[in-house]
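What follows draws every value from the coordinates through simple rules; no lab data is involved. This is a predicted model, so every value here is computed, not measured. Glycine gets a Cβ as well: all are built from the backbone with ideal geometry, and neighbour counts include every protein chain shown.
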Amino acid sequence: FSSLSSPHTPPSPRSPRTPLPRSTSSLILPARAPTSSSPTTSSSRPSSTPSSAGTRPWWARTPTASATPTAPSCTVLRFVSRTARPSAWRPSPACPACTRTGCTTPRPQGRRGSWASTTTSARGQTGSSATASSSASSTPASGRSALASTTPGSAPSGPPGGASAWTPRGSTPACATTSSSAPSPSSPFSSPRDIVGHGTHVASTAAGSEVSSADLFKFAGGRASGVARMARIAMYKACNRGCLTSDVVAAIDAAVSDGVDLISMSLASRPEPFYDDLLAVATFGAERRGVFVVLAGGNQGPEASVISNVAPWMTTLGAATTDRVFPATLWLGNGVVLAGQSLYNIPFSQGAGMVPLVGSSCGSDDLTPDKVMGKVVVCSDGAGASAGFYVQRAGGAGMVSADGTERFWDSVMAQPFNLPGLLLSSTGAKKLDDYMTSVAYPVASFAFTCDTVTGENRAPMVAGFSSRGPNPIAPEILKPDVIAPGVNILAAWSGAASPSRSDKDPRRVEYNIISGTSMACPHVAGAAALIKKRHGGWTPAMIRSALMTTAGPLDKDGRDIVDSGSAVGAANMGATPLTAGAGLVLPRLAMDPGLVYDAGTQDYVDFLCTLNYTVEQMRQFVPELTKCERTIPGGVANLNYPSFVVVFDDRTRVRTLTRMVTKVSARPESYNVTVAAPDDVKVTVTPATLELKRPKEKMSYTVEFRAMAGAKVRPAGTWDFGHIAWENREHRVRSPVAFKWDN
């Protein structure tokens, strides 16, 4: 397995690897992965709403339109290759321009700092690039179908070129009137070449070739491959040391026009109403063409209601930990031993001598020789491996990155330090701080074994950085949809980028270990490609339903998945549907879900009309629309989605929701319902048994949710959770339910 990182600031991922069936389906991966520092929220985004039909991009036209978008301003670079043939680069049609002063820039969803995506195989950028096809309509001689990827930075081989970058937290992206994909002083080549590494990482996670030996500095060594290793990748460069939404939209446009089956995007921007969110508008157009789109939910956790990419036609990912760790030890002068993680690869043991400790903010102005020479620097702000070069330049002997946020579950992301260094959890950081403030001359030494330990830690857990719900735009639609491995993930890396993603780092590697919801995204993109290969006629909603209703709520030891972002003293440490969605994606079960919840373009149009959007706002999605013909009876919560959100208030103590399932199994089946709900909520499902005999047979059911009279009144804003599941001996079709009290 490889992984994608996302536009918010997540940690470095680890990934449990489970062999999956081969796939020949197409996939498009628009992804970028930030580094140890968090990318910032975009403050402005370009809008593209041409007035004439002839200049509308594909997502603003009817599904039957065949014209190529002609709006001026930017060029998307596509990397195209054929098996055993030289790679080539070609420009795509022009894309929409940034037409207003304020342009919101999407963020890459990775933990460290750049968001590039490439078509390299699991062999790394120095090997041959992953097979890619510019069109799903032209079948390669190998019989493999196309897998497209729209991301910052892309192709692994060929002349060096651009890649995407992230915006440091606290800064404001500039709105440019020209494409950010144009050459820049730091990236002089106008090509899809990945010089950042993120694109290579996520592409190989989704569909990298199998290699017998992959590792980073001997860590996480072993056989590795992408999830859908036989899929074909088409990479679309959307960012280049900066990212404009207009460029991302152009990349989606090009990918859909080329006929890709799936799009994977490790990008996110500030949540806004759907009509004002160009990613939502563009992906709506992709859904109209039958293209499945999976996106990173962001790395802004553990705060509530910060999740991005929340439209119901988007499949939204959260990140989960794995049970793989890279232990390192810090011995304090008082005899206390602190356990951390590190990818520093020079083994040595305690006893090499105690070194003075000094605290620092680890800003460039604070790391001066007079302060840190010959000392181990303790970075209080959780600075990553890239800060190690400033420590080293000032003569520091080592560094400790301390997580200052106190959490119940210690979950640390490993990083490739260039000098002796490790990361400590909040628990370890507090013990270190107590020691340093209790003695006049604190000292410590390191112990590195360069080991990879698996199977011992509780996993999966929801990563603390993973963005959470409730949905800030449409609270009745539960987000995230699912979680997937996104912490300490090993995957291919561009030879043009350092493992720390610092320009000062001279090291080059074929593989890297990073973290983020960007890393989770390609895992699910690969799983969706496998489903698409087996069930070619399924709609995007059916694929999303299969992934959600078969997802697992339990960890590897059969216990409830917990939230590593839970604060100490929290009443409930368990992960909820607001943090984990339906649970951890289980690709094998998703191949045969039994029943699915389907929805199409008209359902989403009705959903938008139910939100009371004006005709002008609706025309962002459906240009030919003259008026809303209908809305969803009972409100947007009745959209045929594989999860439920139920809101009680002073006036409404009973909610009735309807769903329709479609049979996708071969044989006649009978399903019985099981329900889990809070004690003060009565749930009645009608009918309680579903009898389905024919393939594609549909059947509806209603669910009455009743807040019990006489029960203790819940405070406003209280949430509780349960599930509804349809079961028989072969299948379990489970939907999470979130209850909210707005008294």
| request: Starting from the Cα of Asp649, step 7 Å along the direction of its Cβ; do the same at Asp592; then give the gap between the two resulting points in nm. | output: 4.6 nm
| query | Which percent of Cα pairs goes in each bin when the distances of the range 356-447 are cut into 10 angstrom slices starting at zero? | reply | 18, 53, 26, 2
| message | For the range 596-743, what does the relative contact order come out to in percent, with C-alpha contacts under 8 Å and a separation of six or more? | response | 25 percent
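Highest first, please rank the peptides 690-700, 531-541 by the mean number of other Cβ atoms sitting within 10 Å of their residues. Don't skip to the end; give the middle numbers.
Values: 690-700: 13.5, 531-541: 19.6.
With the highest mean Cβ count within 10 Å placed first, the list reads 531-541, 690-700.
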| Note, ³J(HN,Hα) from phi for the range 315-327, Karplus 6.51, -1.76, 1.60, rounded to Hz, x at Gly and Pro | 9, 9, 10, x, 10, 10, 7, 10, 8, 9, 9, 10, x
| Vicinal HN-Hα couplings computed from phi for the range 646-653 (Karplus, 6.51 cos²θ - 1.76 cosθ + 1.60; Hz; Gly/Pro x) | 10, 10, 9, 9, 4, 8, 10, 9
| message | Please enumerate, by chain and number, the aspartates and glutamates with C-alpha under 17 Å from the C-alpha of Lys627, excluding those fewer than 8 residues away in the same chain. | response | Asp603, Asp606, Glu616
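Provide the packing ranking of 216-225, 378-387, 628-637, 478-487, i.e. peptides ordered by the mean count of other C-beta atoms within 10 Å per residue, highest first. Don't skip to the answer; put the middle values down first.
Numbers: 216-225: 18.7, 378-387: 23.5, 628-637: 15.2, 478-487: 33.5.
Final packing ranking: 478-487, 378-387, 216-225, 628-637.
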| request: Within 10 Å, count the other beta carbons around each residue, average over each peptide in 419-425, 331-337, and list them highest first. | output: 419-425, 331-337
| Which whole-Hz couplings ³J(HN,Hα) result when phi for each residue of the range 660-673 is put into the Karplus expression 6.51 cos²θ - 1.76 cosθ + 1.60, θ = phi - 60°, listed in order with x for Gly and Pro? | 10, 10, 10, 6, 10, 8, 7, 9, x, 9, 10, 10, 10, 8
| said: Just to confirm my numbers, what's the Cα centroid distance between the range 584-636 and the range 460-528 in Å? | reply: 28 Å
| request: Treating cross-link reach as a plain straight distance, find the lysines whose alpha-carbon is under 25 Å from the alpha-carbon of Lys740, omitting any fewer than eight places away in the same chain. | output: Lys479, Lys682, Lys712
